[in-house]
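Engineer: Dropping the structure in here first, questions after.
The values are calculated or read from the model by the stated rules, or taken from the named source; none is laboratory data. Because the structure is predicted, anything quoted here is derived from the model rather than measured. Positions of Cβ are backbone-derived with ideal geometry, glycine not excepted, and every protein chain shown enters the neighbour counts. Each accessible area value is taken on the protein alone, full model and side chains, heavy atoms only, with ligands, DNA and RNA left out. Shrake-Rupley method; radii C 1.70, N 1.55, O 1.52, S 1.80 Å.
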Amino acid sequence: MLFKKARLLLSALCLATASSATLASELITEVNVNERMYPDASAHFSKTIDLGTEQLVSSVGFLTDWWQKRPTEIRVYEANNGEKGRLIGYKQFFTYLDKVCGSNFASKCKYPQNPVGRLTVPVYSTVSSIVVEADGLLSKPNEFAILKSIQVYH
């Protein structure tokens with residue numbers, strides 16, 4: 001009986017995980033940025049993204065250079081009437097990541113085949129608008145971060 005309950009619980013957990021994975025892969029919107037961010041003590045990137053209606057957001061993907069021309073910190077806030085509200089997602093990227101490229105952003109990064117990587121910030125909130133902020137630079141000698149686009153998933 002105990003084995004049967006554990007097996008049922010495991011099945012439910014696998015189903016929930018599969019549902020979450022499917023849910024997380026739905027792109028709500030992608031906003032092109034195409035700019036360079038020159039980090040210093042007072043500069044940072046900020047972009048407000050309107051989703052139209054309230055939607056469950058599960059993650060935000062920040063497409064950037066995969067190598068070292070990328071930010072080290074990304075924050076996602078709920079936006080209220082165009083103003084930054086509560087923090088709903090945060091992640092730091094202080095180490096080099098090489099498997100964030102390719103069509104599924106889980107492949108090895110290599111120039112020129114897979115030059116764009118996605119830094120993913122987990123979010124779990126129902127919102128109609130968000131503010132995405134980025135700061136830092138993984139490698140100071142590179143002088144700037146290349147910001148390509150922002151993807152919002154649910």
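Engineer: At 7 Å along the Cα-to-beta-carbon direction for both Glu54 and Gln92, put a label point, then send me their distance in nm to one decimal.
Structural biologist: For the pair Glu54/Gln92, the computed spacing is 3.4 nm.
Engineer: Give me the log10 of I(q) over I(0) for segment 36-153 at q = 0.12 Å⁻¹, as the Debye formula computes it from C-alpha points; what are the numbers?
Structural biologist: Log-scaled intensity ratios, in q order: -0.42.
Engineer: How much FRET efficiency would the formula 1/(1 + (r/R0)^6) give for Lys99 and Thr126, where r is the Cβ-Cβ distance and R0 is 35 Å, rounded to 0.05?
Structural biologist: On the way: r = 30 Å, r/R0 = 0.87.
So, using R0 = 35 Å, E works out to roughly 0.70.
Engineer: Would you mind getting the accessible area per residue of segment 58-154, heavy atoms of the protein chains only, 1.4 Å probe, in Å²? Walk me through the numbers on the way to the answer.
Structural biologist: Numbers: 4550 Å² over 97 residues.
Result: 47 Å² per residue.
Engineer: Strictly over 25 Å apart at the Cα level, which of Lys84/Lys148; Lys108/Lys140; Lys69/Lys91; Lys47/Lys108; Lys69/Lys99 would you flag in this model?
Structural biologist: Values: Lys84/Lys148 22 Å; Lys108/Lys140 23 Å; Lys69/Lys91 17 Å; Lys47/Lys108 28 Å; Lys69/Lys99 16 Å.
Cα-Cα > 25 Å for Lys47/Lys108; rest within.
Engineer: Another question about this same structure. State, to one decimal in nm, how far the label point of Val31 lies from the label point of Ala43, with both points 7 Å from Cα in the Cβ direction.
Structural biologist: Between Val31 and Ala43, the simple spin-label model gives 2.0 nm.
Engineer: For Ser59, enumerate residues with amide H under 5 Å from its amide H, sequence gap 5+ or separate chain, H modeled in the peptide plane.
Structural biologist: Sorted by chain and number, the residues that satisfy this are Val123, Tyr153.
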